[in-house]
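Single-structure report; data block below.
Please treat every number below as a calculation from the coordinates, not as lab data. Remember, it's a predicted structure, so these values are computed and weren't measured experimentally. FYI the Cβ positions are ideal-geometry reconstructions off the backbone, even for glycines, and counts take in every protein chain you see.
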């Protein structure tokens, strides 16, 4: 095999120090950038959000690897990112105030069944995007939701309204009526079999 191929595969085109510094800088930039962009980017609530995240990785790729296409350079860059993420998450885990600053706080979007329009505006969420997120979790409309919280990681947690005591009693009565109807039908069928000639 040609020695140039091995050289291109193994030896990075840039120094190892630069290879380590580039991913660290890009990582810190993305942490700050995504925090400033808001939680909706992580939630990927519409096509635009998804496109931003997909193109973001492609955009910063050259900043991470530079002109280096070697396997060794790629491994060094990937390892640096993994180590940086490990250090970052462990550091934030042991510093709760900094973690809250970096991750942000949960944001209540619906409380007691009432939609908080000011919170939707702050998070740049439309009512229709909130409805789509609710549909994904099995709710047919926002009227069924008692509480919705946009978590720091971008997920929206929905809590359904509990049925009133009157609704529960009504549903219980309907269930009992249905059970009585089935028992009556079974009795009729049994009675018809017994009264048939030749039985």
Checklist line | Simple label model, 7 Å out from Cα along Cβ direction - residue 101 to residue 196, nm | finding: 8.4 nm
Next item on the list: Pull out the extension gain between residue 94 and residue 69, defined as 0.36 nm times the separation in residues minus the alpha carbon to alpha carbon distance; nm, one decimal.
Entry: 5.3 nm
Notebook entry, point to check: Ratio of region 59-199's C-alpha Rg to 2.2 N^0.38 Å, to two decimals?
Noted result: 2.02
Checklist line | residue 157 paired with residue 126, simple spin-label distance in nm, labels 7 Å along Cα-to-beta-carbon | finding: 2.8 nm
